[in-house]
Amino acid sequence: MNNDIQTALIVLVVGMITVFVILALVVLTGEILIRIVNRFFANPPSSQAHLSSADTNVATPLETRGIPKQTLAAIVSTVDIITEGKGKIKDIHTK
Amino acid sequence: MNILERLFEMTALGELIESPLTLVMFALAFVLLYLGIKKRFEPLLLVPIAFGLLLANFPGGQMNVIQATADNGLLKMTILEIAKEYGIMNMLYYLLIKTGLLPPLIFLGVGAMTDFGPMLRNLRLAFFGAAAQIGIFTVLISAVAMGFTLKQAGALGIIGGADGPTAIYTSIVLAPELLGPIAIAAYSYMALVPVIIPFVVRFTTTESELKIHMKKQEKLYPSKTKIKNLRTVKIIFPIALGTIVSLLVPSSVPLVGMLLFGNLIKEIGSDTNRLFKAASETIMNTATIFLGLCVGATMTADTFLNSQTLMIVVGGFIAFAVSIFGGIMAVKIYNIFSKKKINPLIGATGLSAVPMASRVANDIALKYDPSNHILQYAMSSNISGVIGSAVAAGVLISFLS
């Protein structure tokens, strides 16, 4: 029994350290990966540009047609993500 | 009269009278079916488990799983011989469960349905997924003190990871004789996450802590790195992480490896869409059905109705509660040293139970501040909890098997 408890204590220490180390590596891997991708594979700035210059990717000044800015931002972002920055919104029709 | 006697013998009624404890198992099956169907407690697994339990306890049905011992020679039989001698449920059990095939297949499906996006956006919160594994190891010690063997204690402790497939996988390897009660306890407590998390949170946090507004903190202390191409990061991440974890904790590869492969085929997109659909629907659903039925079939009156089952139920609850407590305490310690405060509910979601734990935490946060939406932050530690519990299972298996 005493030996078993001793083993269980060792497993507690080793187990928690391992889990922390692995999740630290998850964080580290993620951080490094993000930096590498940001440096070499960054998408051209799109969403912000869409909103600030509506004439480039959104054909008509939609804000002036009663579409709230936040809704417009959501639509532009969605199209941007799905089409990987290639899609352009020509018009939005509301029912 | 002779005909009546033979008719009576043909039915299972005689055997039911001889072993009345079977009726208790029927009652348990009906309760689990009620919880799964009516109360919607993890119905995808609780319903097959409950029905498997029912099938296993029909006398003469040959649907109960028989554990292999040195005497019955089951381990030396071929699958065909097992099917012929002990019925199809034993064949399924020894083919799919005993080989450890189904839990990794379920992890494949879980990976295909997991989005690492919230975790990648809030990477530092992933640490709390590690703190919330403390329940696994503390219950391991308590269970040994209560008289369980080390292997059994390890299988019991893994309930604290709040991850059904991980609990089943660990039990298969370490203590297959406890598979039934451990699976029931694991899935029952996962279904009771909306009760257990608020219960622990009530005793361990203050109102001001629960009002910590994550978005306001984010505005006050913004993250330094913004992701400029999330899709590429999401594709490379499972490959890189899989390689690292495989090198450091090889025994967790069957679970973590399949999880990350499932995630990769999801993130690649349209080119692997067919694989993604197969993993997240066809394979996942098939594996879930057979896993549930086989686990249920391990539970007969002889193997289930004993003091060990009661201790597993109690121990499982403690493991769960300690894990939540561990996550909350880790956030509290972090908040002492950091300017950027974190809502302790983020720590409470460090156990797996994705996404229910996050939803529950979000609901609690909204109760204290209707503008405090913490779901995306909670998902970060919640997803890391899945990896954490799989790694913890790997450690238990390496040390104790």
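Every number in this text was worked out from the coordinates using simple rules, so none of it is lab data. On a predicted model such as this, the values are computed, not experimentally measured, just so you know. All Cβ positions, glycine included, derive from the backbone under ideal geometry; neighbour counts span all protein chains shown.
Per-structure values
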item: Under the span-like rule (Cα at least 30 Å along the axis, Kyte-Doolittle mean at least 0.5), DSSP H helices of chain B; result: B:307-337, B:375-400
item: Relative contact order, percent, segment B:244-401 [alpha-carbon distance under 8 Å, six or more residues apart]; result: 23 percent
item: B:Leu220 versus A:Asn3: modelled label distance in nm, points set 7 Å from Cα along the beta carbon direction; result: 5.5 nm
item: Burial ordering of A:Asp80, B:Asp369, B:Asp71, B:Asp302, fewest other beta-carbon atoms within 10 Å first; result: B:Asp71, B:Asp302, B:Asp369, A:Asp80
item: Residue mean of other protein chain beta carbons inside 10 Å, B:389-397; result: 4
item: Inter-label distance for A:Ile75 and B:Lys38, nm, one decimal - labels placed 7 Å from Cα along Cα-to-Cβ; result: 4.8 nm
item: Percentage relative contact order, chain B, counting C-alpha pairs under 8 Å, at least six apart; result: 30 percent
item: Positive-pole candidate from B:Ile82, B:Gly257, B:Ala12, dipole of chain B, charges at beta carbon; result: B:Gly257
item: For B:123-132, mean number of other protein chain Cβ atoms within 10 Å; result: 5
item: Cα-based reach from B:Lys228 at 29 Å (exclusive), listing lysines while leaving out same-chain residues under 8 positions away; result: A:Lys69, A:Lys86, A:Lys88, A:Lys90, B:Lys215, B:Lys216, B:Lys219, B:Lys266, B:Lys277, B:Lys339, B:Lys340, B:Lys341
item: For segment A:21-32, 3J(HN,Hα) per residue [Karplus equation, 6.51 cos²θ - 1.76 cosθ + 1.60, θ = phi - 60°, Hz, x = Gly/Pro]; result: 5, 5, 6, 5, 5, 4, 5, 4, 4, x, 4, 5
item: Spatial separation of Cα centroids for segment B:177-241 and segment B:318-359, in angstrom; result: 7 Å
